[in-house]
1. Between Leu36 and Ile23, how many nm apart are label points set 7 Å from Cα along the C-beta direction?
2. So what's the net charge close to Gln27: Lys and Arg +1, Asp and Glu -1, counting the other residues with Cβ under 13 Å from its Cβ?
3. If you take every residue apart from Arg53 with its C-beta less than 12 Å away from the C-beta of Arg53, what net charge results, scoring Lys and Arg +1 and Asp and Glu -1?
Amino acid sequence: MAHRRRPHQSAIGDEDLMNLLLIRHGQSVANTEGRLQGKLDSPLTERGREQARALAHRLVREDWQVS
């Protein structure tokens, strides 16, 4: 019987792994208007700013090393 790795195990070793965190922007004015943003930056709403603050606190609390 062949040896099977668990899905989260790496064949190359843990020291060669990295975590990738994908973050979507907070709510923007264009989002609330149902517009696609495209190339223009739309300012965040108050809710979007609160979402960004909450994410920043969570990244610090969970000790993410952002580079």
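Just so it is clear, none of the values below were taken in a lab; they were calculated from the coordinates. Keep in mind the model is a prediction, meaning the values are calculated, not measured. Neighbour counts run over all protein chains shown; Cβ positions are idealised from the backbone, glycine included.
1. 2.6 nm
2. Taking every Cβ under 13 Å from that of Gln27, the sum is +2.
3. On the way: positive: Arg47, Arg49, Arg58; negative: Glu46, Glu50.
Around Arg53, the surrounding residues sum to +1.
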